[in-house]
Each structure stands twice: as structure tokens, then as C-alpha cells.
Amino acid sequence: MKTKSNSFICQCNKISRETIEAAVARGCKTVQKVAIATTAGAGQCGGTCQPEIQKIISQLELETNLKKEK
């Protein structure tokens, strides 16, 4: 699970961080909603990337909240 913007977060389904970030920007605010929108976290491995997906969601929410405070 690399975290560079163009690497795969979900190895099973070949889903990049950029794809996950785009889903979050479109309103997917939970791992389950990201999985429905992208199939990330719903692969054969049983979702071993779900903690990384949650981390991305949390980071983006924090960044969004910081921008709103300015």
C-alpha cells in the first residue's frame, strides 16, 4: 500500500489514491461509500486497505475543515 498520489491504495482492484480522493470530493465520506463508488476496499483480500482509505478520508476532512476556518 503505497501512498503516492498515482500509486494503488487498493491492490486487488487497482484503485489509486487519486481515485479515492475524487470519490471523497464527490461526497463519499465513509469507507463503505468509497467502496461502493470505486470498489476500493472491496477486493479479494477482504479489505486490508480499508484503514488506509479511512486515513485518506480523515486527512481530506481535516484539510477541508482547516480551509473553512481561514
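Restricting attention to region 30-60, the residues that are in a loop (DSSP other than H, G, I, E, B) and open to solvent by less than 70 Å² (accessible area, probe 1.4 Å) add up to 10. Residue count for region 26-61, restricted to those that are within 15 Å of Phe8 (Cα to Cα) and of a type in the set (A, V, I, L, M): 6.
Could you tell me whether region 17-29 includes any residue that is more than 19 Å from Thr64 (Cβ to Cβ), open to solvent by 20 Å² or more (accessible area, probe 1.4 Å), touching a residue at least 24 places away in the same chain (Cβ under 8 Å) and out of contact with any Ser or Thr (no Cβ under 8 Å at 6 or more places or on another chain)?
Residues of region 17-29 more than 19 Å from Thr64 (Cβ to Cβ): none.
Looking for residues that are more than 19 Å from Thr64 (Cβ to Cβ), open to solvent by 20 Å² or more (accessible area, probe 1.4 Å), touching a residue at least 24 places away in the same chain (Cβ under 8 Å) and out of contact with any Ser or Thr (no Cβ under 8 Å at 6 or more places or on another chain), one finds none in region 17-29, hence no.
The values are calculated or read from the model by the stated rules, or taken from the named source; none is laboratory data. Just so it is clear, the model here is predicted, and its values are computed rather than measured. Here Cβ is always computed from backbone atoms with ideal geometry, including for glycine, and neighbour counts include all displayed protein chains. In case anyone asks, the SASA skips ligands and DNA or RNA and just uses the protein heavy atoms, side chains included. Shrake-Rupley method; radii C 1.70, N 1.55, O 1.52, S 1.80 Å.
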